[in-house]
Amino acid sequence: MLLLVAGIACSGAEHASAGRAGASGAWDALFPTLGNGGYDVSHYNLTIDYIPDTNRLKGSAVITARATQDLRRFNLDFAGLKVLAATVNGANARPTRNKNELTLTPARVIEKGETFKAAVEYGGTPRTLEDSDGAVEGWIETDDGATALGEPTGSMTWFPGNHHPSDKATYDIAVTVPNDADGDPYDVVSNGELTKRENQGDHVTWRWNCREPMASYLVNVTVGYFDITKGRTSGGVPIYIAVDPDEAEGAEESEDLVSEVVDWASRRFGPYPFSSVGAIIDHLPDLGYALETQTKPYFGSAPDETLLVHELAHQWFGNSVTPRTWKDMWLNEGFATYAEWLWEEENGGRTARQTFESFNNGTHPESKGIWEFPPADPPSGGQVSDPPVYGRGAMALHRVRETVGDEDFFAILRAWTKQHRHGNADTAEFIALCEMTSGKKLSALFNTWLYEEGKPKGD
Ligand code: TRP
Ligand code: ZN
């Protein structure tokens, strides 16, 4: 027995000089240092202590991953905060930092194919990040707590991880918050389902579980005071809606609408992909955008019907079927925007053709800037949320629909969400599916609408 142990220790030591370092990026053309190479995460277990008064956070991230190569060391994306300790499979691992890269060097080489657990203890005051277009993301303080918004790079501000959409994982998120000065507990809302809420004297722990794979930019934790409404869609999907009392008036219709939109979208796009749905309607009026955080989209104020349709449509397009790289963001935004057009068409408003025309002739308020670059080729990371990706992306889909006909078009949407459910996909796969389903050559159409500079002629 002893000999055997010695033998293992010895081969471990031999390996210590072998193995390669995992790459520091997933080599996304727009965000080269986002994500990391050499491993594939299956689960994050995040345990967070947060004090709203001081905006101080202490965290523990236990990451279960499988090595895709022999790993001498590997990286996690992590911005700000202090690393207090790190282990791999329970043994101390040496942490080093360089900008937004945290490198862990385990005591021995992790072998290709091995499943390992990396644990990082950290703490401090989390930061926000500013996109080049001025939008704020990351850990954001609100008037009664905080929220974490991750698109495209914000999640690294509050937990270390493989922060690229190509590596999806399941999550357990436990957040402990103190009672406030009046002795009232804060509410914590996150993705998936609440499994437990534990009151322990002067603090409370909320345990959330997201059992379907999620890209890390879709993870949300929101702390504050909320009115909670629970229900079910008529199709039976559990609903959990958290409304900041400051937004109560505008949010009155939201529960009925969530139910109606999910049932409608399930008919158009295929079965709802997650085990619950809802919304977080917070009071952060200056945020300037909403985010389709998985199962519960986040709104900084009460959403109008169109915005709610948009964020719920993302649960199919973006959240369940996630782009493999950020260049393909139109697979999120073009589709969610087209869902708005469809909703309007089917609810007594303009037809999708009329909306298409108002984008094409520039009379639609959201048509500003849609010809600036081709939707499937944003020139920089700061432009993945710009108008071409939304408006011209939706126009591309409308041209596909007119070319293949309604029957094939909706069959394509359903096949897309079915084939890539809970996975990743890219534009080439979408084009192939459209051609296969319709039996038509569509490369010219897609080239014109997705890849050519400037406004397409003759459409
Ligand atoms: N993806 C979000 C949506 O379509 C919008 C969004 C997220 C955004 N981050 C952004 C828009 C940054 C502009 C800038 O609902
Ligand atoms: Zn969107």
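The values are calculated or read from the model by the stated rules, or taken from the named source; none is laboratory data. Since this is a predicted model, take the numbers as computed values, not measurements. Note: ideal-geometry Cβ built from the backbone for every residue, glycine included; neighbour counts use all protein chains shown. Note: accessible area is taken over every heavy atom of the protein model, side chains too, but ligands, DNA and RNA are not part of it. Shrake-Rupley method; radii C 1.70, N 1.55, O 1.52, S 1.80 Å.
Each helix, a run of at least 4 DSSP H residues, gives -39500 (n - 2.57); summed and divided by the residues of the chain, these come to -7000 deg cm²/dmol at 222 nm.
Length available on full extension from Asp143 to Ala29: 0.36 nm per residue minus the Cα-Cα distance, which gives 37.3 nm.
In a fully extended conformation the segment linking Asp202 and Arg56 would gain 50.9 nm over its present Cα-Cα distance, using 0.36 nm per residue.
Given a Förster distance of 30 angstrom, what is the FRET efficiency for Arg127 paired with Arg232, based on the Cβ-Cβ distance and rounded to 0.05? Kindly include the intermediate steps, with their values, before the conclusion.
Working: r = 39 Å, r/R0 = 1.28.
That pair, Arg127 with Arg232, gives E of 0.20.
What fraction of the DSSP beta bridges in the chain is antiparallel, stated in percent and rounded to the nearest 5? Could the numbers behind the result be given before it?
On the way: 79 of 99 bridges.
Given both bridge residues lie in the chain, the antiparallel proportion sits at roughly 80 percent.
Pairs from the list Lys82/Lys112; Lys327/Lys418; Lys58/Lys230; Lys296/Lys455; Lys112/Lys196; Lys99/Lys196 with a Cα-Cα gap above 25 Å: Lys82/Lys112; Lys58/Lys230; Lys296/Lys455; Lys112/Lys196; Lys99/Lys196.
Ranked from the most accessible area to the least, with a 1.4 Å probe and all protein chains present, what is the order of Thr337, Thr105?
On the way: Thr337 5, Thr105 35 Å².
Per-residue accessible area, sorted high to low, gives Thr105, Thr337.
How far is it, in nm, from the label point at Asn361 to the one at Thr64 when both lie 7 Å from their Cα along the line to the Cβ? About 5.8 nm separates the two model spin labels. Counting heavy atoms of the protein chains alone, Asp202 has an accessible area of about 110 Å² for a 1.4 Å probe.
Stretched out fully, how many nm does the piece from Ala248 to Arg421 gain, at 0.36 nm a residue minus the Cα gap?
Working: separation 173, 0.36 × 173 = 62.28 nm, distance 3.41 nm.
Result: 58.9 nm gained on full extension.
Here the convex hull built on the C-alpha positions of region 323-451 has a volume of 101 cubic angstrom per residue.
Approximating the spin labels as points 7 Å out from Cα along Cα→Cβ, the Thr437-to-Tyr289 distance works out to 2.7 nm. Between the C-alpha center of region 138-214 and that of region 345-410 there is a gap of 34 Å. Here the contact order of the chain, divided by its residue count and restricted to Cα pairs under 8 Å and six or more residues apart, works out to 11 percent.
Between helix 330-346 and the chain there is an angle of about 40 degrees, using the helix long axis and the longest principal axis of the Cα atoms.
Both radii are taken from the alpha-carbon atoms of the chain; with Rh as the Kirkwood radius, Rg/Rh is 0.99.
When only Cα pairs below 8 angstrom with a gap of at least 6 residues are kept, region 30-223 shows a relative contact order of 23 percent.
Take the Cα of Thr351, step 7 Å toward its Cβ, do the same at Glu305, and the gap between the two points is 2.0 nm.
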